[in-house]
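Student: Before I ask anything, let me first share the structure, which is written out below as structure tokens.
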Amino acid sequence: MTASELGREIGKGRIHPVELAEAFLDAIDSHPHAARIYARTTAPRARGEAMAAAARAKSGLRKGLLDGVPISWKDLFDTAGVATEAGSALLKHRTPTRDAAVLETATLQGLVCLGKTHMSELAFSGL
């Protein structure tokens, strides 16, 4: 199912944002290669955002088509209170105090932040 399809199903009440977020978090936790894929998950944030999305959906006040849809971010994007290391030992334990603009925009649209995925150092692939 695409993100747009998930959003439409949430809007129709066929998919619950909290159940959807939990399904993704469970899939991440149980994946045999999760540690190689995810730098870290943001489960508490995801649950809070999903609960807020569910309340908006129930009251008919969704922020947009993607309200309640889970998303993961590369570890390049600053995430408030979460280590953002861009795959680099130079940035180990760097924890920004605010979200990157793209995360702020996504949050304003109601997307649910699941976590941060690993990436090549400083987004340089060597190409």
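All of the numbers you see were taken from the coordinates with simple rules; none came from a lab. Bear in mind the structure is a predicted one, so any value in this text is a computation, not a measurement. Reconstructed Cβ throughout: ideal geometry from the backbone, glycine too, with neighbour counts over all protein chains shown.
Student: What does the charge dipole of segment 3-123 about its Cα centre add up to, to the nearest 20 debye, if the Cβ of each Lys and Arg holds +1 and the Cβ of each Asp and Glu holds -1?
Tutor: Values: 16 positive and 14 negative charges, 50 e Å.
That gives a dipole near 240 debye.
Student: Specify which residue in the list 66, 44, 86 is farthest towards the positive end of the charge dipole of the chain, using unit charges on the beta carbon of Lys, Arg (+1) and Asp, Glu (-1), about the Cα centre.
Tutor: 66
Student: Exposure proxy check: 119, 51 ranked by fewest other beta carbons within 10 Å?
Tutor: Result, fewest neighbours first: 51, 119.
Student: Moving to a separate point now. Can you sort 61, 122 by how many other beta carbons sit within 10 Å, fewest first?
Tutor: 61, 122
Student: Report the trypsin sites (Lys or Arg not before Pro) located in segment 68-127 that are in a DSSP loop and have at most 14 other Cβ atoms inside 10 Å of their Cβ, or state none.
Tutor: Loop-located and lightly packed - 92, 94, 98.
Student: Would you mind calculating the relative contact order of segment 3-123 from Cα pairs under 8 angstrom and at least 6 residues apart, reporting the percent as a whole number?
Tutor: 32 percent
Student: If you find the alpha carbon centre of segment 90-127 and of segment 32-60, how far apart are they in angstrom?
Tutor: Taking the Cα centre of segment 32-60 as reference, the centre of segment 90-127 is 15 Å away.
Student: To the nearest µm²/s, what D does Stokes-Einstein give for segment 3-123 at 25 °C and 0.890 mPa s, using the Kirkwood radius over alpha carbon pairs as Rh?
Tutor: Calculated translational D: 167 µm²/s.
Student: Between helix 17-30 and the chain, what is the angle of the helix's C-alpha long axis to the longest principal axis, kept within 0 to 90° and rounded to the nearest 10?
Tutor: Taking the Cα atoms of the chain, the angle to 17-30 is about 30 degrees.
Student: Among 82, 102, rank each residue by its count of other Cβ atoms within 10 Å, from fewest to most, as a rough exposure measure.
Tutor: Starting with the residue having the fewest Cβ neighbours, the order is 102, 82.
Student: Now for a separate question. Mind pulling the angle between the C-alpha long axis of helix 43-59 and the longest principal axis of the chain? Nearest 10 degrees, somewhere in 0 to 90.
Tutor: Result, in degrees: 20.
Student: Can you list the GluC sites (Glu not before Pro) in segment 36-124 that are in a DSSP coil and have 10 or fewer other beta carbons within 10 angstrom?
Tutor: Sparse-neighbourhood loop GluC sites (Glu not before Pro): none present.
Student: With n ≥ 4 as the cut-off for DSSP H runs, can you work out [θ] at 222 nm for the chain, using -39500 (n - 2.57) per run divided by the number of residues, rounded to the nearest 500?
Tutor: -12000 deg cm²/dmol
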